[in-house]
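Visitor: Quick one: this structure, given as C-alpha cells, is what I'll be asking you about.
The values are calculated or read from the model by the stated rules, or taken from the named source; none is laboratory data. Computed from a predicted structure; not experimentally measured. Methodologically, a virtual Cβ is constructed for each residue, glycine included, from the backbone with ideal geometry; neighbour enumeration extends over all protein chains shown.
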Amino acid sequence: MRTQMAAEYARYVAGTGGDELGATKGNLGHQITLRDLSDGVTEICALSWWTDMEAVKAYAGEQPERAHYYPKDDQYLINKPEFVEHHVVVYGDLLSP
C-alpha cells in the first residue's frame, strides 16, 4: 500500500479482521505489523495465533490457505496475494516489556 495510507489502513484492518479474529473461538490473539519498503510503499502483515487448524477454519472457511479480504481492501492495497501461510509453532518464548 502507499505509505501515506498505512496508518489509516491498519486501523481499518483492526476494526474488520481484527475484531472478527478476536470474536472467533480458538483465536489466541493477533498482531498487525507494518514495514516501510521503498518508494513510498509499506507492507502490512496480519499475524494470528490459534489453538488448532479447526479454529482457523471457523474463521477462514474450508479453504484456510486462501486469503480473506474485506470490501475496502481494494482502496488501500497495491496487490492482494491469493494465499496465506500457516506455520506450526514448535518452540517459542514471549517476554512482556
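Visitor: For the list (1) farther than 16 Å from A7 by Cβ; (2) charged (D, E, K, R); (3) in contact with a strand residue (DSSP E or B) (Cβ under 7 Å, 6 or more places away or on another chain), I need the number of the one condition that E43 fails.
Guide: Exception for E43: condition (1).
Visitor: Quick test for you: out of D19, D73, pick the one residue that is acidic (D, E) and surrounded by 15 or more Cβ atoms within 10 Å (Cβ to Cβ).
Guide: Values: D19 fails: surrounded by 15 or more Cβ atoms within 10 Å (Cβ to Cβ).
Going through D19, D73 in turn, just one is acidic (D, E) and surrounded by 15 or more Cβ atoms within 10 Å (Cβ to Cβ): D73.
Visitor: In this structure, does S38 turn out to be part of a loop (DSSP other than H, G, I, E, B) and under 29 Å from T3 (Cβ atoms)? Talk me through it step by step, then tell me what you get.
Guide: Values: part of a loop (DSSP other than H, G, I, E, B): yes; under 29 Å from T3 (Cβ atoms): yes.
When the stated conditions are applied, S38 passes them.
Visitor: Just to verify a result, which residue in the range 9-30, among those that are outside any helix (DSSP H, G or I) and among the polar types (S, T, N, Q), is farthest from H86 (Cα to Cα)?
Guide: Quick first cut of the range 9-30, residues outside any helix (DSSP H, G or I) only: 23-30.
Going one step further and asking which of them are among the polar types (S, T, N, Q), we end up with 24, 27.
Values: T24: 17, N27: 14 Å.
Across the range 9-30, the extreme among qualifying residues is T24.
Visitor: Counting only residues that are over 20 Å from E82 (Cα atoms) and in contact with a helix residue (DSSP H, G or I) (Cβ under 6 Å, 6 or more places away or on another chain), which one in the range 37-70 is surrounded by the most Cβ atoms within 10 Å (Cβ to Cβ)?
Guide: The qualifying residue surrounded by the most Cβ atoms within 10 Å (Cβ to Cβ) is W50.
Visitor: Against the conditions (1) of a type outside the set (G, A, S); (2) on the phi < 0 side of the Ramachandran plot; (3) at pLDDT below 95, where does D39 fall short? Just the number, please.
Guide: That leaves (2) as the condition not met.
Visitor: Another one. Residue under question is T33, and the condition is that it be surrounded by 12 or more Cβ atoms within 10 Å (Cβ to Cβ) and either in a strand (DSSP E or B) or not basic (K, R) (or both); does it hold? Give the derivation first.
Guide: On the way: surrounded by 12 or more Cβ atoms within 10 Å (Cβ to Cβ): no; either in a strand (DSSP E or B) or not basic (K, R) (or both): yes.
Taking the combined requirement at face value, the residue does not satisfy it.
Visitor: Evaluate the range 16-25: report whether one residue or more is of a type in the set (S, T, Y), farther than 20 Å from T3 by Cα and in contact with a strand residue (DSSP E or B) (Cβ under 7 Å, 6 or more places away or on another chain).
Guide: no
Visitor: It is to be established whether one or more residues within the range 81-94 are among the charged types (D, E, K, R) and surrounded by 10 or more Cβ atoms within 10 Å (Cβ to Cβ). Even if it seems obvious, please write down each step before you answer.
Guide: Step one: filter the range 81-94 for residues among the charged types (D, E, K, R), giving 82, 85, 93.
Going one step further and asking which of them are surrounded by 10 or more Cβ atoms within 10 Å (Cβ to Cβ), we end up with none.
No, the range 81-94 contains no residue that is among the charged types (D, E, K, R) and surrounded by 10 or more Cβ atoms within 10 Å (Cβ to Cβ).
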